[in-house]
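The values are calculated or read from the model by the stated rules, or taken from the named source; none is laboratory data. Just so we're clear, the structure is a prediction, and the values are computed from it rather than from any experiment. Cβ atoms come from the backbone with ideal geometry, glycine included; neighbour counts cover every protein chain shown. Accessible surface areas use protein heavy atoms only, side chains included; no ligands, DNA or RNA. Shrake-Rupley method; radii C 1.70, N 1.55, O 1.52, S 1.80 Å.
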Amino acid sequence: MNTILRSLSVNYGSVYELPVHLKTGPWGRCMGSECGPGGSQSRAVWCAHVEGWTTLHTNCLQSTRPANQQSCFRVCDWHRDLYDWRLGTWNQCVPISLRTGRTGICLQGEEGIQTREVNCVLKADSSAADHAICEYFEPKPRQEQACLIPCPQDCVVTEFTPWTTCSKTCGLGLQNRVRSVVAPPLFGGLPCPNLTEFQTCAPRACEGREMVFSLKTSSAAPSRTARQARRRKGKERKGNRDPEMRELIKSKRNRNRLNRLEDDFWNMEIGYQSRQVVCVHRNGSTVSLSQCPHWSLPETYLSCLMPKDCVVSEWSSWGSCSKTCLDPSVPQGSRSRSRQLIRLPTGGGSECPQLEESQACEPEGDGVPPCAAYAWRSTEWSECRVDALLSQQDRRRGNQTGLCGGGVQSREVYCVQANAELLSYINNSKDKQASQPIDVRLCKGTTPSTTQLCHIPCPVECEVSPWGAWGPCTFENCDERVVKKGFKFRRRTITNYPTGGEGNCPHLVEAIPCDDPSCFSWQLVKLEECIPEEDMDCGEGTQTPQVRCVNSEGTEVEKEMCVDEVYPSSVRCVVPCPKDCALSLWTEWSTCSQTCSSKTAEGKQMRTRAILAYNAGEGGSSCPNTSALQEVRNCNEHPCIVYHWQTGPWGQCVEDTTTSTLNTSSSTDKSTCTMGVQTRKVICVKVNVGQVPPKKCPEAPRPESVRPCLLPCKRDCIVTPFSEWTECPISCGAGVNGQKNKQFRYRVIIQMPANGGQECPDVLYEEKDCATPSVCPGYRWKTHKWRKCQLVPWSIRRDSKGAQENCGAGVQTRAISCRQLDGTVADVVQCLKFASSMPVMSQPCQLPCRDDCQLTNWSKFSPCTSDCVGVRTRRRALVGKSKKKDKCKNSQMYPLSETQYCPCDKYNAQPVGNWSDCILPEGRVENAAGMKVQGDVKECGQGYRYQAMVCYDQDNRLVETSRCNSHGYIEEACIVPCPSDCKLSEWSNWSRCSKSCGSGVKVRSKWLREKPYNGGRPCPKLDHLNQVYEVVPCVSDCSQYIWIAEPWSVWKVSNVDLKENCGEGVQTRRVRCMLNTVDGPSDAVEDYLCDPEEMPQGTRESRLPCPEDCVLSDWSPWTPCDLPCSGRGDRERTAFALRLPKEGEDCPVSMQTEPCFLNRNCFHYSYNITDWSTCQLSASAVCGIGLKTRMLDCVRSDGKSVDLKYCEELRLEKKWQMNASCTVECPVNCQLSDWSAWSDCSQTCGLEGKMWRRRTVVEASQGDGRPCPSQMEQWKPCPVRPCYRWQYGPWSECRVEEVVCGVGLRFRNLSCFVSDGSGDGKSSIVEEELCAGLEQAVDGDKNIVLEETCTLPCPGDCYLMEWSDWSPCQSVCVKGQRLDFTPVQVRSRAVIAQEPENIAQCPDQEWQTRPCSNGECYEYQWMGNPQLIWCQRSDGINVTGGCPPALLPGTDQSCDPPCDKPQSFCSEEGVCICEDGYTEVLTAEGMLEQCTPIPVLEIPTAGDKKADVKTSRAINPTLPTTVQPGRAGRTWYLQPFGPDGKLKTWVYGVAAGVFVLLVFIVSMIYLACKKPKKPQRRQNNNRLKSLTLAYDGDVDM
């Protein structure tokens, strides 16, 4: 934002600066027609006063006006794949104090901030792009984050050790005390202090001369041979060899041939080393040897083995590549080369380099074949088995027959070579062979599944409609009317076609023989109006019948077809005169009471009529009696003899002999199979009697008894060729437990035979013994006899002590050769590879001098009679002249016998470790169907758990468990609980449809019998009654229940005119709800099943016409209203005169009309479709493919369901599918693999070894199947084996022979130790034979060092001590939490001084660190009282350093700047904090600004957070990067203060408005709540109480 002060010139040349500046708004959205660069965006630019209001733009300087438009990059969605944020690495953590300027004492750690670069880049070339592009898809990642910088940590040292004794027994000496480093200085902490303190001491004055000179030896010079010495000495002794040299020449001539050959390989040469002996003063200066006359000079020469380096030949050429084929996807092969060993290193020479090396390679050349590719193949799927799936859920159902629906099928998977000449499983070849199976380990990738879900279609049962009515008597065949035999037929249709076709349905036609058949007949439609005779107005007349010609099926045909039939004649009738009795028309004939007639039952029909008006007393015809008002006639007079054809099941498809010759001659394609025929039995059956001759049944509807069929194709068994024989074990020797190793081969059935095809072979697996293995090749070292002890050449040592004798220290060597186990000579390289560590080739030896005592070697210990009883001894004897020497007879110096107690072998066995998992015995379990399903193994029942046994000897040393007569385990029976599945009852019966007309629902349920446990199959979702429901829609036929009204009763006239028998009267009739069938109403049912709106009247009141009055018929039904129901149309009904009135009178109105109103007497109709039902399965299925249905309902416009005929008459569109296929997920149990073999022990020895076995999920559970168990791995302990290892003993003291100080030797032993492998460091030394099978190595280091040079300080030397032990591993921690720094441990060396004047010559002290793991967090704290204060580490050791000096008790904990704010004080940490009851308010720099009282009562509200008030004294180290510590994280867009710091004008206006509003609110509250005056105290109490309730959240308030 540029601030522009515009200068305005006034008349007198003065300058006036207007406080205005140009302001810009944010850039708008990038607009453009195309994606990418080329878009444009704009922003607002205006001139604003410094107080915030907008002024004219001309008041601002236009030359510096910012642009209000710029080009931009229009981002589209596809740019997401092109651009992305690139995140830089976090920079170093910078302390906040560097930003804020606040410094203080660091106690735990210091907060810091680290930053990184975040850029939007183009992915293709990482070029920078506008940040707006990336922000369009993803917010910009943060560029800052909080971090923690540990405080500087000073070097921490232990307490001083006690003062040493004085370095001198007389005179002025020194005492030393030392300490060691336990924590190095970190993060700029103080360096380590002096580790040594000195103080002078003077035990007593020296008597006589003080010892000031000492003999000192130097380190040995490099080895030299005697030949080199001779060249240096000259040739004066060439012909005068010493005795030792003559002995060497003699032995060399007599050396055997083998040793001569070996000498070339080993090339051992004896040489000598020399050292220098000097005399030193106690101040460290060297003086003449004459100053040390009181010592005899020590030996300065020593025999040794000359160092010889290893010598190898040149590399051989590269061998052939192990990969012999071409395929880039196959890993590279390798080739190797080697070099020969010419000479082994001796005498500490350089070790041999690598003798073999290999490199990756690819085959070269033109004739390289392609690599074999391997692929999975599988057999065909087995038959679908529903019982195998059912047995997983309820084994009782697994035995059912006729099961269908969802099931499982399995197959076998094997591996083949894919690019061999592949043959398909079923091809046109004659042999139908498949590829040879090979080792499954060659096939990579996911193994194909071996089981899958399948479906057996459920048979559809045949469903037929009810029987139709009996038809007329007709000829069997109207085209051939030869036989005068007729039948009456009734038929039914198939409503649901079965799976096997119509043959599985019951008979569809029944016939009854009858007489006088006819194919066509006249059918009465109605009778015309009765016409009186001779043009009379009343009296007797006739009714002309209105007829049509129909065939036997009731279909209208041409009238000419009925010419042979008798035409119905006119019917006599009566038109009553005015004085005659008036009767109603006859009702329709009732339904026939019987469907057929027999001797005991005849069919009857009835019709009735009623008296509508009585006749006059004179002149008119009288009314008939009651019996004449009813007519009865016979019906269904045919006898109850019903015939029908009955069919048996279709037989098997057999070859049709009539066409077999044609098939065999013409058919050459084996894929099409020949046609055959099927037959079935067809018989004529008389109902309720049985089979009768076929002539009794009509021939036309006779079902066929023969039909063509397709013969099933023969399928031969197809098997793979045998696999190759498995390889015999490469390792030599017999198999496990001395048994012979086996090899086997197998083949796989990939297609089972069917329909009489070739059967499968019986042998699919063959096994044979492996050939007897040869003797295992093995190698061992053979050691030869030690050669004679060789001394330093006499010419070299002739001036030394004992040179005239052939005695002293020397070196002897021996030859080593490599042998096979059978003793034959082998190459040394084989022993270096396969044999144990090489024996030593040289050793120091001692040739006894004349005065030395010579003894024999120790004998073996004498045997013990029994364990733990008595002693055993071993002996040695003096040899030669030593027997007579007195010093040799000193039994203290030279003991001749040793005695020790007999070993006491007592062993103690005890359990160790935890119990293993419960392990079931091995073995598979066949399921009920006998089909092996992968993972179907024993999963529960009794098993065993194991606990390891450990065996200790009497010295509490671990030994083999066999010593305790134990096989290594305690075994205990245990139970793996079997899973129990959820058990529900069977389905209840379906309830009745909830509606008797239209769509409703029907329900069935199951209830819970047993809950699942132990991982059983879960229950479906149950309701609160532990039931599960199934609801399906249903539709009830609206015409299945109808109202039936009986005839009206005789009039009961209430206003009786005795003369006329007329007047007001009442008629009644019985109305019943009846079940409607195809033959008419049958049984009476409850009235609620019929529609109450359609119930006919049971009574009616009307006027009985008097004689000579007009008599009308009953009203006809109302005519239908015109659709749609608009309210403008009418409907009508009519009546006609049954009896005309006397002359001069008219009949009443015979037509009635009424308007049509919607939902009153006029209705619209529409189809209503129900929801889909649940997936319905066959009764024999539990899952798989089912059918879901929905129903169609006809609904009136007022919402009432009506009969479908109302919608069908309107021909409304039916656009819905009523049935759909659906699937019920099969409840597949979790399928697991077999347990793997037990793994190798996790530890080769010790107490904590475990063996594991694992299994995997082959197929996860589906639906409500049993879930997978949680235990996918099991463990059991390994047999406890002692852990033997080679371990060094402690170094001996530094030894210098015959001198006081200088370079000497120290020694240590290599011993065999045993431990339990627990890592606690406890181990015991045992016999070396127990480590004989181990390679000689200590902690992996094969270079065994048993002696090394050392320096024994001379009197007066200042020297470094030995290294201290490594300190415990320590992590960098803050407040007990480890930071991301590598833990370290430290060791140190302190300085020891002996002479006060030599302190200046002392070396510097040293300390070292090394990384470690699992470091501890230590805290440091001042301890003690004001008189005695020390620093203590949290592990209890007292240290120097580590405790913050600022927290030292008694020191001035001054704060900088001082705490001068009210209610503030300086804390122990040197930070200004507030007293209790107050909280700190900090400045932006983090300094204390004031202490604010904490409100006693405060009602917290959401969002009421003061940015500058801290509620906790802890600083959150993970503050958002946009919020600086101590700063408010909110930006105010309305600034109340101007740039000059004064309140803006609008603030005063707002304040005034708020004040007026508050006065108004207070006034209203006062007027509304004004009460009689009460004591002030009571008011205060009430006020306090309400406040307390509001604060406490009391619910009663």
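What Kirkwood Rh does region 1015-1103 have if only Cα atoms enter the pairwise 1/r average? Answer in Å. Mind dumping the intermediate values first?
Working: mean 1/r = 0.0561 Å⁻¹.
For region 1015-1103, the Kirkwood estimate is 17.8 Å.
Output the direction-averaged projected area (hull surface divided by four) of the convex hull of the alpha-carbon atoms of region 464-570, in nm².
Details: hull surface 41.1 nm².
Computed as one quarter of the Cα hull surface, the answer is 10.3 nm².
Backbone amide hydrogens, once placed in the peptide plane, bring Cys640 within less than 5 Å of Ser597, excluding anything fewer than 5 places away on its chain. Once the chain from Ala375 to Val440 is taken as fully extended at 0.36 nm per residue, the excess over their C-alpha distance is 22.5 nm.
Share of Cα-Cα pairs in region 1284-1365 beyond 21 Å, in percent?
Cα-Cα pairs of region 1284-1365 separated by over 21 Å account for 45 percent.
Which loop-located trypsin sites (Lys or Arg not before Pro) does region 1032-1119 contain, where loop means any DSSP state but H, G, I, E or B and the Cβ has at most 11 other Cβ atoms within 10 Å?
On the way: sites: Lys1052, Lys1059, Arg1069, Arg1070, Arg1072, Arg1100, Arg1103; in loops: Lys1059, Arg1069, Arg1070.
Hits after loop and neighbour filter: Lys1059, Arg1070.
Which loop-located GluC sites (Glu not before Pro) does region 741-840 contain, where loop means any DSSP state but H, G, I, E or B and the Cβ has at most 15 other Cβ atoms within 10 Å?
When the GluC sites (Glu not before Pro) of region 741-840 are filtered for loop state and at most 15 Cβ neighbours within 10 Å, Glu759, Glu805 remain.
Counting other C-beta atoms within 10 Å, and keeping those with at most 15, which DSSP coil trypsin sites (Lys or Arg not before Pro) do you find in region 771-866?
Numbers: sites: Arg780, Lys782, Lys785, Arg787, Lys788, Arg797, Arg798, Lys801, Arg814, Arg819, Lys833, Arg850, Lys860; in loops: Lys785, Arg787, Lys788, Arg798, Lys801, Arg814, Arg850, Lys860.
Of the trypsin sites (Lys or Arg not before Pro), the ones in loops of region 771-866 whose Cβ has at most 15 other Cβ atoms within 10 Å are Lys785, Lys788, Arg798, Lys801, Arg850, Lys860.
Take the Cβ atoms of Ser334 and Gln1490, set R0 to 56 Å, and the FRET efficiency comes out at 0.10.
Can you work out the FRET efficiency for the pair Trp1238 and Lys1342, with r the C-beta to C-beta distance and R0 = 25 Å, to the nearest 0.05?
Values: r = 32 Å, r/R0 = 1.29.
Working from the Cβ atoms, E equals 0.20.
Under a 5 Å amide H cut-off, with hydrogens placed 1.01 Å from N, Cys1283 pairs with Gly1246, Ser1315, Gly1317 among residues at least 5 apart or on other chains. With Cα atoms as the point set, region 985-1144 shows a radius of gyration and Dmax of 27.8, 101 Å.
In region 131-228, taking the dipole from charged Cβ atoms about the Cα centre, the farthest positive-side position among Pro152, Cys206, Leu190 is held by Cys206. Counting 0.36 nm for each residue step from Val912 to Val682 and taking away their Cα separation leaves a gain of 74.5 nm.
Provide Met606, Met536 ordered by accessible surface of protein heavy atoms (probe 1.4 Å), highest first.
Numbers: Met606 75, Met536 110 Å².
Final ranking, largest accessible area leading: Met536, Met606.
Under 5 Å between amide hydrogens, built in the peptide plane, is the criterion, and for Thr1223 it picks out Gly1186 among residues at least 5 positions away or on other chains.
Taken over the alpha carbons of region 511-645 as equal point scatterers, the Debye sum produces base-10 log I(q)/I(0) values at 0.12, 0.16, 0.19 Å⁻¹ of -0.71, -1.04, -1.21. Modelled this way, with points 7 Å down the Cα-to-C-beta line, the labels at Gln543 and Leu82 are 9.4 nm from one another.
Could you give the Stokes-Einstein D for region 1329-1446 in µm² per second, using the C-alpha Kirkwood radius, 25 °C, 0.890 mPa s? Display every interim value, and only then the final one.
Details: Rh = 18.8 Å.
It comes out at roughly 131 µm²/s.
Enter the per residue convex hull volume of region 121-228, computed from alpha-carbon coordinates, in Å³ rounded to the nearest integer. If you can, show how the numbers build up before the last one.
On the way: hull volume 35.0 nm³, N = 108.
Convex hull volume per residue, Cα atoms: 324 Å³.
Measure up Lys860/Lys883; Lys444/Lys740; Lys785/Lys884 against 25 Å on the Cα-Cα distance and list the ones that go over. Cα-Cα > 25 Å for Lys444/Lys740; Lys785/Lys884; rest within.
Which value in Å does the Kirkwood hydrodynamic radius of region 808-847 take, with 1/r averaged over all unlike C-alpha pairs and then inverted? Please report the intermediate quantities before stating the final value.
Working: mean 1/r = 0.0844 Å⁻¹.
Here the Kirkwood hydrodynamic radius works out to 11.9 Å.
Heavy-atom accessible area for Ile1169, with the other protein chains in place and a 1.4 Å probe, reaches approximately 40 Å².
The magnitude of the dipole of region 514-608, with charges of +1 and -1 set on the Cβ of Lys/Arg and Asp/Glu and taken from the Cα centre, is near 560 debye. Seen from every direction in turn and averaged, the convex hull around the alpha carbons of region 289-361 projects onto 9.2 nm². For Ser897 and Arg1254, what does the FRET efficiency come to when R0 = 51 Å and r is the distance between their Cβ atoms, rounded to the nearest 0.05? Efficiency computed from Cβ-Cβ geometry: 0.25. Overall shape of region 1220-1370 was characterised from the C-alpha gyration tensor. The equivalent ellipsoid obtained from it has semi-axes of 62, 18, 11 Å, in decreasing order. Here the spin labels are modelled as points 7 Å beyond Cα on the Cα-Cβ line, and at Glu533 and Ser290 they lie 19.8 nm apart. Extension gain, Asp1146 to Asn91, is 367.9 nm, computed as 0.36 nm per intervening residue step minus the present C-alpha separation.
Using a probe of 1.4 Å, the accessible surface attributed to Cys789 totals some 10 Å² when neighbouring protein chains are kept in position. In straight-distance terms, cross-link reach from Lys1214 covers every one of the aspartates and glutamates whose alpha-carbon lies under 13 Å from its own, apart from those fewer than eight places away in the same chain; here that gives Asp1193. Just so you know, the Rg over Rh for region 1163-1275 is 1.47, from Cα atoms, with Rh as the Kirkwood radius.
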